[in-house]
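Working notes, structure below.
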Amino acid sequence: MFNLLKILAQLNFLSPPNIWHLGRAIRQNGINLPLLFTLAEKRDGNRTALVDSRETVSYQDLQERCGNLACHLADQYGLGRNQKVAFFCRNHASLVQGIFAVSRLGADVFLLNNSMSQAQFDRLVEEHGFDFLIHDDEFSGMIEKSPYRNPKIFSYHDTEKAISLLAAVPPAAIQKLPPSSSGKIVLLTGGTTGKPKQVVHKPSLFNFLSPFLALLNRLQLPKYSTGYIATPIYHGYGIAVLLSFFALGKKVVIQDRFDAESACTLIREHQVEVITAVPLMVHKMLKADKSALGSLACIASGGAKLNSALVEEVNDHLGGVLYNLYGTSEAGLNIIAAPEDLKQHPNTLGRLIGGGQLRVMKDGKEVEPGITGEFCFQNKWSMQNSQSRWIQTGDIGWRDQNGYFFLSGRTDDLIISAGNNIYPLEIEAALTNHPLVEDAAVIGVDHVYSGQILTAYVQLRPGEKLTVDALKEWLRPHLADFQVPRDIVFVDELPYTAVGKLDRKRVQKLMPIGA
């Protein structure tokens, strides 16, 4: 209750008029996602809510469009409680309006990874039996080839019925929708590398008090007016920050696809103060046009490893604006490192946020500080469909005596070489600390005697040259002997997935420079 009061005070919800307005909205409409911008619209409906590559929408317009769309979807397609609505879209206003309208109707929202293959999409259709599909035109071919046969609608289209058109048109007759609580938000993780895993979250204010309060206080979000979500909204990180920004009444900038030069232009044009991005995006923007990033006061990095070289680069060019957010689709946001934490420990994930528990487990027992084990979480905001109260993340790491957490790798990245258990993340961090190294990936290659041998694929900074022997010699003081890679391969560029994670499956297929 104390956390709730603190949040309501920061959102200016505790004044008598706002309490009355909020209570009236709940009685009329229920507790659902559109409730997030109810008071933002009441305070200043003309304030800009959303900017994408097609349009700029105010909070008043957004609320009206979501209401129009909910009525049309209920009337024309019979959408309502307990139905499954899938979204196969990039980041744009129609996706956002569709999510809020479907939530208003009490249906379940399924956010699909738009980088998945035909086979993966087909499997999702068969496993989940979606009742309705909202999609971008570019995915029409994949949908037509799939077993999906239920109703569907375009997000945007010039000649066919689309979400953008329905949202702009008020219902022909006054239609009062019954109050409804939000259905589930379902994230389908691992969509590009294997069988997607269903992660179910109930968008309850009471469940998410602790992570929301952490975002407000540690990132100081109430201070800022404009945020840019560079990560895909279908990712847990993207949808969580989108909802947080709307609850605060901020201007949110999004674009269909991330492009470093376009992102820099958007940041300069809208004087963006807060951006959510994966480390690779931050790196690319610094390379594209670091002068355009001067308005940034908070870079919330998450979704992939943050190496110390990038921390130093951001600090040198932009000052202390970089935050590291650690969470998983299953367990949600759990750890945050502020700029002062990263200044002291550039490789840290940060400290645990309030309201949850984290255990570092090995062989079924919690280990002491300094010992490596698997991160396991328990909190109110984790996935609802877990069979256990404790979420096993598959992430391996440790904590120090001061409560800072550090990531060593993932259980499925474990390399066993000559009897030694090795996680590549620590070796990659050492490699990227070399002043001539831009990026690095370490994998295990099968070996008849050693089990696996360590092979490092290294991307040098533009125009730089380095020998294998010189790099190995530089590594020796920083790593144990068994951690120094047997083989080092210099490559032009390392492969990453659409959400900015290193694609280890493609690394071994890279050709060496000069091959």
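Conditions: (1) under 27 Å from the mean Cα position of the chain (by Cα); (2) of a type outside the set (Gly, Ala, Ser); (3) modelled with pLDDT of 95 or more. Tyr77 meets all but one. Number of the miss?
Tyr77 satisfies all of (1) under 27 Å from the mean Cα position of the chain (by Cα); (2) of a type outside the set (Gly, Ala, Ser); (3) modelled with pLDDT of 95 or more except (1).
Within the range 254-288, work out how many residues are within 20 Å of Val499 (Cα to Cα) and in a loop (DSSP other than H, G, I, E, B).
7
Filtering the range 396-410 down to residues that are assigned to a strand (DSSP E or B) and of a type outside the set (Phe, Trp, Tyr), which residue is farthest from Leu342 (Cα to Cα)? Working first, answer last.
Step one: filter the range 396-410 for residues assigned to a strand (DSSP E or B), giving 396-399, 405-410.
Narrowing further to those that are of a type outside the set (Phe, Trp, Tyr): 396-397, 399, 407-410.
Values: Ile396: 20, Gly397: 17, Arg399: 15, Leu407: 14, Ser408: 17, Gly409: 19, Arg410: 22 Å.
This residue is Arg410.
Among (1) under 30 Å from Leu466 (Cβ atoms); (2) at pLDDT 90 or above, which single condition is Tyr404 missing?
All conditions are met except number (1).
Please find, within the range 437-470, the residue that is nearest to Ile422 (Cα to Cα) out of those that are part of a loop (DSSP other than H, G, I, E, B) and not hydroxyl-bearing (Ser, Thr, Tyr).
The selected residue is Val448.
Can you name the residue in the range 112-159 that is assigned to a loop (DSSP other than H, G, I, E, B) and touching a Cys at 6+ places or on another chain (Cβ under 9 Å) and is also nearest to Ala86 (Cα to Cα) among such residues?
At the first step, the residues of the range 112-159 found to be assigned to a loop (DSSP other than H, G, I, E, B) are 112-117, 129-131, 136, 146-151, 155-159.
From the residues that got through so far, the ones that are touching a Cys at 6+ places or on another chain (Cβ under 9 Å) too are 112, 114, 136, 155.
Values: Leu112: 7, Asn114: 11, Asp136: 12, Ser155: 12 Å.
Here the residue is Leu112.
Can you tell me which residues in the range 244-281 are crowded, with 20+ Cβ neighbours inside 10 Å, of a type in the set (Val, Ile, Thr) and modelled with pLDDT of 95 or more?
Listed by number, the residues that qualify are Val252, Val253, Ile254, Ile267, Val272, Val274, Ile275.
Counting only residues that are touching a Phe, Trp or Tyr at 6+ places or on another chain (Cβ under 8 Å) and without any contact (Cβ under 8 Å) to a residue 40 or more places away in the chain, how many does the range 72-88 have?
0
If you go through the range 168-185 one residue at a time, do you hit one that is modelled with pLDDT of 65 or more, assigned by TED's automatic domain parsing to the domain that holds Gln83, under 30 Å from Arg351 (Cα atoms) and under 19 Å from the mean Cα position of the chain (by Cα)?
yes
Report, by residue number, each residue of the range 77-101 that is part of a helix (DSSP H, G or I) and under 15 Å from Ser164 (Cβ atoms).
Ala93, Ser94, Leu95, Val96, Gln97, Gly98, Ile99, Phe100, Ala101
Taking the conditions exactly as written (under 23 Å from Gln60 (Cβ atoms) and modelled with pLDDT of 70 or more), does Ser140 satisfy them or not?
Working: under 23 Å from Gln60 (Cβ atoms): no; modelled with pLDDT of 70 or more: yes.
Criteria not met by Ser140.
With the requirement that a residue be hydroxyl-bearing (Ser, Thr, Tyr) and in a loop (DSSP other than H, G, I, E, B), what does the range 471-515 give you?
Correct list: Thr497 only.
Could you identify the single residue in Ser244, Ser301, Ser291 that is assigned to a helix (DSSP H, G or I), touching a Phe, Trp or Tyr at 6+ places or on another chain (Cβ under 7 Å) and not hydrophobic (A, V, I, L, M, F, W, C)?
Ser244
As an exercise: evaluate Gln378 against (1) in contact with a strand residue (DSSP E or B) (Cβ under 6 Å, 6 or more places away or on another chain); (2) buried (at least 18 other Cβ atoms within 10 Å of the Cβ) and give the number of the one condition it does not meet.
(2)
Within the set of pairs 6 or more residues apart or between chains, which connect a residue that is within 17 Å of Val252 (Cα to Cα) inside the range 55-69 to a residue that is of a type in the set (Phe, Trp, Tyr) with Cβ atoms less than 8 Å apart?
Tyr59/Phe37; Leu62/Phe37; Leu62/Phe100; Gln63/Phe37; Cys66/Phe100
Quick check on my filter: what residues within the range 355-382 are in contact (Cβ under 8 Å) with a residue 24 or more places away in the chain and closer than 14 Å to Ala331 by Cα?
Within the range 355-382, Gly355, Gly356, Leu358, Arg359, Glu374, Phe375, Phe377, Asn379, Lys380, Trp381, Ser382 qualify.
Of the residues in the range 389-404, how many are within 20 Å of the chain's Cα centre (by Cα) and of a type outside the set (A, V, I, L, M)?
The number of residues fulfilling the criteria is 4.
If you go through the range 108-116 one residue at a time, do you hit one that is surrounded by 14 or more Cβ atoms within 10 Å (Cβ to Cβ), free of Cβ contacts under 8 Å to residues at least 60 places away in the same chain and either over 19 Å from Ala70 (Cβ atoms) or over 25 Å from the mean Cα position of the chain (by Cα) (or both)?
No: zero hits.
Pick from Gly332, Gly403: which is in the same structural domain as Glu273 (by TED's automatic domain parsing), closer than 26 Å to Val274 by Cβ, in contact with a strand residue (DSSP E or B) (Cβ under 9 Å, 6 or more places away or on another chain) and surrounded by fewer than 16 Cβ atoms within 10 Å (Cβ to Cβ)?
Working: Gly332 fails: surrounded by fewer than 16 Cβ atoms within 10 Å (Cβ to Cβ).
Testing whether each residue is in the same structural domain as Glu273 (by TED's automatic domain parsing), closer than 26 Å to Val274 by Cβ, in contact with a strand residue (DSSP E or B) (Cβ under 9 Å, 6 or more places away or on another chain) and surrounded by fewer than 16 Cβ atoms within 10 Å (Cβ to Cβ) leaves just Gly403.
Just to be sure I understand, how many residues within the range 307-345 are touching a Phe, Trp or Tyr at 6+ places or on another chain (Cβ under 9 Å) and either of a type in the set (A, V, I, L, M, F, W, C) or on the phi < 0 side of the Ramachandran plot (or both)?
18
When you scan the range 123-141, how many residues do you find that are free of Cβ contacts under 8 Å to residues at least 40 places away in the same chain and either in contact with a helix residue (DSSP H, G or I) (Cβ under 6 Å, 6 or more places away or on another chain) or outside the structural domain of Gln76 (by TED's automatic domain parsing) (or both)?
Here the count works out to 0.
Could you grab me the full set of residues in the range 429-449 that are over 21 Å from Lys287 (Cα atoms) and crowded, with 17+ Cβ neighbours inside 10 Å? Don't jump to the end; show me each part of the working.
Keep residues of the range 429-449 that are over 21 Å from Lys287 (Cα atoms), which gives 430, 442-449.
Within the range 429-449, Ala430, Val442, Ile443, Gly444 meet the criteria.
The values are calculated or read from the model by the stated rules, or taken from the named source; none is laboratory data. All figures in this text were calculated on a predicted structure; none of them were measured in a lab. Neighbour counts are summed over all protein chains in view; Cβ atoms, including those assigned to glycine, are modelled from backbone coordinates with ideal geometry.
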